[in-house]
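Novice: Below you'll find the structure I mean.
The values are calculated or read from the model by the stated rules, or taken from the named source; none is laboratory data. No experiment lies behind these values; they were computed from the predicted model shown. Cβ placement follows ideal geometry from the backbone for every residue including glycine, while neighbour counts extend to all protein chains displayed. Surface accessibility is based on the protein's heavy atoms, side chains included, excluding ligands, DNA and RNA. Shrake-Rupley method; radii C 1.70, N 1.55, O 1.52, S 1.80 Å.
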Amino acid sequence: MRTSFAMAREARAARTGAGRRRFGDFFILRWYIVAVRVTFLGTGTSHGVPMIGCECAVCRSTDPRDKRMRPSIYVEMDDGLKVLVDTTPDLRMQALTRGIRQVDAIVFTHAHADHVMGLDEVRRFNMISGQPMPMYADASTLRDIKITFRYIFESDAPKGGGKPDIRLWEIGGRFSLGRQEVVPVPIQHGTRQILGLRLGKFAYLTDCNGIPDASRSLLQDLDCLVLDALRHKPHPTHFTLDEAVAEARRIGAKRTWFTHIAHDLGHAATCAHLPPGMALAYDGQTIDIGGAAGT
Ligand SMILES: [Zn+2]
Ligand SMILES: [Zn+2]
Ligand SMILES: [Zn+2]
């Protein structure tokens, strides 16, 4: 899968004249930590905030940090690669709001509607790049995507305004995007396991209410953790805020940001009561995780 991705990147680099560093295309330098910038495209739960038809204080709030699109992040790496995590129903507005025109690959955490329903927007990135879009997901997510978006995969389906041109790659373990190693981190989301992701000193664990013991060893020595924290009231598939704080303490990252937030949690009032080093994330927030060369 790395070869295909590298080919797509080289084709883009040939057009742009960028991306001459090629050593990561051939092998993974495990001791090299790539610098990444993470932008939160959405930090809301599946309904978004404000929620349709709701008059609560958070849904009526004028604080921009209380406006939450569906959950997604955009990761920019220091070798120029730009990776989208999930394609939410808000993808079009997220890309327009943040000025995103380059996506070199998409990684899916799972196939719930709030994480995949913007897949058709990939047509624009195909048109801009002139390339198919590599997409990475585990086996069950790939299966669900093929069912949900049948028209993309069946040649007899009508094309309408065109179909996304995508290449699916099954995540079966660690893989690389350019010279960044991506570590899948299995997390519990109700009765199913989905994928969290670790890139260097950064981990993104959306949609979870449990961390399997086997995954804890993958979450050591983090500078930055992003973790699901839905609301105060218990939920069968998401951490409450208290559960997320306890889990964040146990994982022990230097900084933790919470995401997948419902309208129950106002940004300012909630953050005022969080422990040091923890906060609610908000749409448009960026985090820089520094790179470093090891020996
Ligand atoms: Zn509300
Ligand atoms: Zn979910
Ligand atoms: Zn979700």
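Novice: Mind checking which residues of the stretch 189-224 are closer than 22 Å to I106 by Cα, in contact (Cβ under 8 Å) with a residue 40 or more places away in the chain and within 16 Å of ligand 2 (Cβ to nearest atom)?
Specialist: Answer for the stretch 189-224, where residues must be closer than 22 Å to I106 by Cα, in contact (Cβ under 8 Å) with a residue 40 or more places away in the chain and within 16 Å of ligand 2 (Cβ to nearest atom): H189, R192, I194, L195, G196, L197, Y204, T206, D207.
Novice: Just give me the residues in the stretch 132-141 being of a type outside the set (D, E) and either part of a loop (DSSP other than H, G, I, E, B) or surrounded by fewer than 18 Cβ atoms within 10 Å (Cβ to Cβ) (or both), in sequence order.
Specialist: Listed by number, the residues that qualify are P132, A139, S140.
Novice: Is it fair to say P186 is open to solvent by 20 Å² or more (accessible area, probe 1.4 Å), without any contact (Cβ under 8 Å) to a residue 40 or more places away in the chain, within 16 Å of ligand 2 (Cβ to nearest atom) and more than 22 Å from G42 (Cβ to Cβ)? Spell out the reasoning first.
Specialist: Numbers: open to solvent by 20 Å² or more (accessible area, probe 1.4 Å): yes; without any contact (Cβ under 8 Å) to a residue 40 or more places away in the chain: yes; within 16 Å of ligand 2 (Cβ to nearest atom): yes; more than 22 Å from G42 (Cβ to Cβ): yes.
Spelling it out, P186 is indeed open to solvent by 20 Å² or more (accessible area, probe 1.4 Å), without any contact (Cβ under 8 Å) to a residue 40 or more places away in the chain, within 16 Å of ligand 2 (Cβ to nearest atom) and more than 22 Å from G42 (Cβ to Cβ).
Novice: Quick test for you: out of L274, L265, L218, L197, pick the one residue that is among the hydrophobic types (A, V, I, L, M, F, W, C), part of a strand (DSSP E or B) and at pLDDT 95 or above.
Specialist: Unique residue meeting the criteria: L197.
Novice: Return the residue satisfying two criteria in turn: it lies in the stretch 226-238 and is more than 16 Å from ligand 1 (Cβ to nearest atom) and open to solvent by less than 40 Å² (accessible area, probe 1.4 Å), and of such residues it is farthest from Y74 (Cα to Cα).
Specialist: T237
Novice: If you don't mind, another one. Could you check the stretch 225-248 and list, in sequence order, the residues that are of a type in the set (K, R) and within 16 Å of ligand 2 (Cβ to nearest atom)? Write out each step before concluding.
Specialist: To start, the set of residues in the stretch 225-248 that are of a type in the set (K, R) comprises 231, 233.
R231, the sole residue that qualifies.
Novice: Cβ-Cβ under 6 Å, sequence separation 6+ or interchain: first residue in the stretch 52-77 and without any contact (Cβ under 8 Å) to a residue 60 or more places away in the chain, partner open to solvent by 20 Å² or more (accessible area, probe 1.4 Å) and not in a loop (DSSP other than H, G, I, E, B). Which pairs?
Specialist: E76/R37; E76/K82
Novice: So, in the stretch 145-159, of the ones that are more than 16 Å from P132 (Cα to Cα) and open to solvent by less than 80 Å² (accessible area, probe 1.4 Å), which residue ends up modelled with the lowest pLDDT?
Specialist: My answer is A157.
Novice: Among the residues of the stretch 266-284, is any of a type outside the set (F, W, Y), open to solvent by 50 Å² or more (accessible area, probe 1.4 Å) and either within 15 Å of the chain's Cα centre (by Cα) or within 16 Å of ligand 3 (Cβ to nearest atom) (or both)?
Specialist: Scanning the stretch 266-284 turns up no residue that is of a type outside the set (F, W, Y), open to solvent by 50 Å² or more (accessible area, probe 1.4 Å) and either within 15 Å of the chain's Cα centre (by Cα) or within 16 Å of ligand 3 (Cβ to nearest atom) (or both).
Novice: Filter the stretch 189-224 down to residues that are over 23 Å from G44 (Cβ atoms) and among the hydroxyl-bearing types (S, T, Y) and give me whichever is nearest to ligand 1 (Cβ to nearest atom).
Specialist: Across the stretch 189-224, the extreme among qualifying residues is T191.
Novice: For A11, indicate whether it is open to solvent by less than 40 Å² (accessible area, probe 1.4 Å) and at pLDDT below 95.
Specialist: The answer is yes for A11.
Novice: Would you mention how many residues in the stretch 194-225 are touching a helix residue (DSSP H, G or I) at 6+ places or on another chain (Cβ under 9 Å) and open to solvent by 20 Å² or more (accessible area, probe 1.4 Å)?
Specialist: Looking only at that region, the number is 4.
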